[in-house]
Amino acid sequence: MRALAGLTLAVVLRLLREGLVVRALAWPGVLTGLTLFVVAGFIAVQGREWTVVVEDSTCNAELEAAGLRVRQDENPENWLLDGGALLAVWRENDGWILGHVFESIALQKAHSALRDCLHDAWRFEMLEFERAEADLDRAVAAMLGLLAVLFALYGAVIGAGVLFRDRTSGALEAELALPLPTWMHAAARLLALVAVLVPAAFVSMAIIDALLSAVPIGAWLGAIAAAAITSGALGLTFVAHARMERGFSGALSRTLIVTAGLVALGYSLPAVGAYLPVSSIGAGMVGVTPSPVALLGAAALAALAVADFGRCEIV
Amino acid sequence: MRIRRILAIASYEAADKLQGKQGLRFVALAAALLLPAGLAPPVLPLLQPPVEEAPVAVAPIRVAGPVPEELRGRFVEADRGTIQIVDARPLVVRARFLTRDVIHALEEAVGPSLVRLRAYFAAVDLPERSILIAMLAVSLLTGPLAEALPGERARRTLEVLLSAGISRTELVTGKWLTWTAAATASAVVSSVSAMARGVQEPGWWLLGLPSFAASSVAVGMWLVRRVDDVVGGATAPMRVLPLLASAMALAGYAIRSDSPWLAASLPVGGPLLVAGGLLDTPAAALVSTAATVAFVWFVLAATARELAMLDAVRRMTRYGALGMAVVSTLLWWLSVPGPGIFANAGRPEMESAPAASLIAGAAVLLACSLVAIARSGVAPSLRIDATGIGCAVAVGLVLGLAPGIDAASISTAPIFAAMVPRSLASALPDPREFGFALAATAVAAQALLYRQVLAGGVGWIGASAAWALAALPFAPWRIVIGSLAVGAVGARFGVVAAAIAHVLWAFAPSGLRLSGGSGIEIATQVAALAIAVAAANAGLGAPRRHQV
């Protein structure tokens, strides 16, 4: 076990000394956090008023009191058709039409204000919009899912690339000359992959949690760990079975395709995918919490990959 | 440039990577990805005329609270109702929002109303299927791009090629040509199948496919121009290309109605818009092609110039330390004061708890520190002697006497107002607010990055200033002298001593702090700095940092 720890540490240090790998790991957290902050900042600077285009000024006071900006035009419907406005009000036959492009808080405000203004048959008091847990959870799940997919792909690249690089540089031959079981070399690479990717994923998710709060870090971290182990094991296996003359690109492409396919499986069948490694990410993106059982599957696949590495010809 | 040599390199590249079973695998993968993309029927609805909210038959509406007798049947009382009925005459309902079924039930119960909702599909130009085909065709090249230059370096065959009778530009252009042709051929086959299936009509978008492939391959090769391993060579294009293409395409989309030619000439993004049918005039397609030719020529020339260099930075140089400082400070700002932006964006309920920010900030600093230590190969010394402890305690206690900084006393732009208290609370975390473990961890993380890692790269004075700027960007001058005191302790006695001083500064109870204005604040920090500098210059042996 000390030998395994030593080998793992050596691989971790080799990975961290690659500037591109380190920058790749920092990229998701920086990009996601910066995007969230910039969007929120843009909204903060721009202000939060929505515009409603009206034909008749009868209800202007009520609409403005509801926090909407009112713009007068003789053909408000055209604004909707041209994409120039998201809300518009005009008379049609004996009633009033509130045209909208999508559901929004502003639509509810306009709806409530119009009914009050026109003393309609029934009125609507809008409650102050509290944080819509379901809406935010869906958006956060989609965001975290994309982050997790990226880390799963990183697992594929690192799993395949580390073995290929060590083979071509001669480091693998030197390690194989040590009096250690062959499986230990594959196990060390997979453990190093987890040791590098999981903390990086945790940091990225912690940044998003700090910005959005209530991110289920534990469940997602487990899904990312399972995905990284599985995709890394796949990459390791494909490269181990490829000969020197086949190169890296074919093995990597296969690994990436399989990884993407598993994510798509989880996305399409979340009830099943939540329990499978890599697929649990796809399930998480549609709101089904990734199950810790996926980690067991990942561990089993990793064990298979390690055993396969131990007996296949790798030079 | 000699065409025959470029073609020779291209055929060498194709023979090396696409011959035999490798070639068959590439074709199979391309077919598996791109043929379904081309043949799948359209999934997005065509733009439809406006529709009124169609009535739906639903179960009785759940109401939180009593339901008037005349409304029973369509409304039922329930524990977790979506609406409340406030009054019956006139009927007033209270809710966060009304769904179609609720509105329909209300109309049924009360009768038709004056106000009717009508949904419109906005006149938005959506890209055609070909944009997906273009992006998928380029995504196939992740592996080949990793081997085009990084793989050659790793196998030591790049030197052999460079010593042959070809120029670097010819070498790079030949490789570029191979993979551009491969991506273009894949995209064209998929597009032909889409046209045959009737998914998309032929048009000028076909010109965008080779342009997008050409510019993406050129950028991909430039990204890996100095890489000598396939892992790094695969991750760089994978993370940068999608972002670059999306950003440039979005920028072009935003300006295309005002300036279609400028949108078409944007690198990578312009051809993608053309390929997606969003710039579907002959002029835009031709402008995009011409701009792509110029862009590709420029990028390939830049790649060729740097072909002999290696990206093999191992130890943290001064610039590496500055880069580390910038990245870690940016991440700290995003995690710690950043959530305060939501208060100004109209969603104060989304502002996360300061504890969550502190956890993220500490994790970021620890991660950056550990990476820097792993890359440098020099572990920090955690030893400390009695003198160090004494000095650290003295400095920390004096700093702890300083009056607490009031967030209200820091004037800043309104957009940053909610961020100031968060910054203060995390720079000097109070254990009574965050718990001892979290507060101590946050302080330790700050000490490790700024007093050990950065101080080793830019000196303790620069690192101290960097901490002040990171911890309190709105008024760093309020804490910079104290930071210098802690930095001096760290430079002389090690990171543990610096952490002790910082902990005592942060953990001092408010009852012990002196009352007074900025004069007392500065005086205490100056006194602490004087103690630290005096102890450092007292001639008590070699500084800890320089001990082997």
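The values are calculated or read from the model by the stated rules, or taken from the named source; none is laboratory data. Keep in mind the model is a prediction, meaning the values are calculated, not measured. Reconstructed Cβ throughout: ideal geometry from the backbone, glycine too, with neighbour counts over all protein chains shown. Just the protein is used for accessible areas: all its heavy atoms, side chains included, with ligands, DNA and RNA removed. Shrake-Rupley method; radii C 1.70, N 1.55, O 1.52, S 1.80 Å.
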What is the percent of Cα-Cα separations in the protein assembly as shown that go past 47 Å?
-> 36
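What does the net charge come to around B:Ala28 if you take all other residues with beta carbon closer than 13 Å to its beta carbon, with K and R at +1 and D and E at -1?
With Lys, Arg at +1 and Asp, Glu at -1, the net is +3.
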Among the aspartates and glutamates, which fall within straight-line cross-link reach of A:Lys109, defined as a Cα-Cα distance under 12 Å, with same-chain neighbours fewer than 8 residues apart omitted?
-> A:Glu49, A:Glu62, A:Glu64, A:Glu125, A:Glu128
Test item: B:366-374 mean partner chain Cβ contacts at 10 Å = 4
Out of B:Ala213, B:Leu145, B:Ala536, whose Cα points farthest toward the positive end of the dipole of chain B (charges: +1 Lys, Arg; -1 Asp, Glu; placed on Cβ)?
-> B:Ala536
Which one of B:Gly81, B:Ala488, B:Trp505 is farthest out on the positive end of the charge dipole of chain B, using unit charges on Cβ (Lys, Arg +1; Asp, Glu -1) and the Cα centre as origin?
-> B:Ala488
With each label point set 7 Å from Cα along the Cα-Cβ vector, what nm distance links B:Asp258 and B:Arg383?
-> 6.5
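Report, for chain A, the % of DSSP beta bridges that are antiparallel, rounded to 5.
Values: 6 of 13 bridges.
If I count the DSSP bridges inside chain A, around 45 percent turn out antiparallel.
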How about segment A:166-205: which of its residues lose at least 50 Å² of accessible area in the presence of all protein chains relative to their chain isolated, using a 1.4 Å probe?
-> A:Val203
D (Stokes-Einstein, µm²/s), Kirkwood Cα radius, chain A, 0.890 mPa s at 25 °C = 107
How much of the accessible area of chain B, in percent, comes from carbon and sulfur atoms when a 1.4 Å probe is used?
-> 67
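Enter the buried accessible area of the A/B pair, total of both sides, probe 1.4 Å, in Å² rounded to the nearest 100.
The A and B chains share an interface burying roughly 7700 Å².
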When only the heavy atoms of the protein chains count and the probe is 1.4 Å, how do A:Arg254, B:Arg62, B:Arg4 rank by accessible area, highest first?
-> B:Arg4, B:Arg62, A:Arg254
What is the mean number of Cβ atoms from other protein chains located within 10 Å of the Cβ atom of each residue in peptide A:26-35, rounded to a whole number?
-> 4
What whole-number value in Å² describes the accessible area per residue of segment A:1-87 for a 1.4 Å probe?
-> 53
Which lysines does B:Lys175 reach when only Cα atoms under 19 Å apart count, and residues fewer than 8 places away in its own chain are ignored?
-> B:Lys17
Counting partner chain Cβ atoms within 10 Å of every residue's Cβ in B:330-342, what's the average?
-> 6
Percent antiparallel among DSSP beta bridges with both residues in the protein assembly as shown, to the nearest 5?
-> 35
For the protein assembly as shown, what is the calculated [θ] at 222 nm in deg cm²/dmol (nearest 500), taking -39500 (n - 2.57) for each run of four or more DSSP H residues and dividing by its residue count?
-> -20500 deg cm²/dmol
What ratio of Cα Rg to 2.2 N^0.38 Å holds for segment B:372-421?
-> 1.93
Of all DSSP beta bridges with both partners in chain B, the antiparallel percent, nearest 5, is 55
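Over chain B, give the accessible area per residue in Å² for a 1.4 Å probe, as an integer.
Dividing the accessible area of chain B by its residue count gives 43 Å².
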Taking a quarter of the surface of the convex hull around the Cα atoms of segment A:177-315, what do you get in nm²?
-> 9.0
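Once you keep just the Cα pairs under 8 angstrom separated by 6 or more residues, what percentage relative contact order results for segment A:56-205? Walk me through the numbers on the way to the answer.
On the way: 98 pairs, mean separation 22.8, N = 150.
RCO, segment A:56-205: 15 percent.
About the Cα centre of chain B, how large is the charge dipole given +1 on each Lys and Arg Cβ and -1 on each Asp and Glu Cβ? Please answer in debye to the nearest 20.
It works out to roughly 1720 debye.
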As computed over segment B:76-135, the Cα convex hull volume per residue (Å³) = 171
Report the charge-dipole magnitude of the protein assembly as shown in Debye, nearest 20, computed about the Cα centre from +1 at each Lys and Arg Cβ and -1 at each Asp and Glu Cβ.
-> 3980
Could you sort A:146-152, B:215-221, B:126-132 so that the peptide with the highest average Cβ count within 10 Å comes first and the rest follow in order?
-> B:215-221, A:146-152, B:126-132
In debye, nearest 20: dipole of chain A around its Cα centre with unit charges on the Cβ of K, R (+) and D, E (-)?
-> 2180
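Which order do you get for B:Met135, A:Met1, B:Met248 if you rank them by accessible area with a 1.4 Å probe, largest at the top?
The ordering from most to least exposed comes out as A:Met1, B:Met135, B:Met248.
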Given 37 °C, 0.692 mPa s and a Kirkwood radius over Cα pairs, the Stokes-Einstein diffusion coefficient of chain B in µm²/s is 113
Which Cα, out of B:Ile461, B:Ile166, A:Gly297, lies furthest along the positive dipole direction of the protein assembly as shown (beta carbon charges, K/R +1, D/E -1)?
-> B:Ile166
Express in Å², to the nearest 10, the accessible area of A:Glu92 obtained by rolling a 1.4 Å probe over the protein heavy atoms while all chains stay in place.
-> 50
Net charge near B:Ala275 (other residues with Cβ under 15 Å of its Cβ; Lys, Arg +1; Asp, Glu -1) is -2
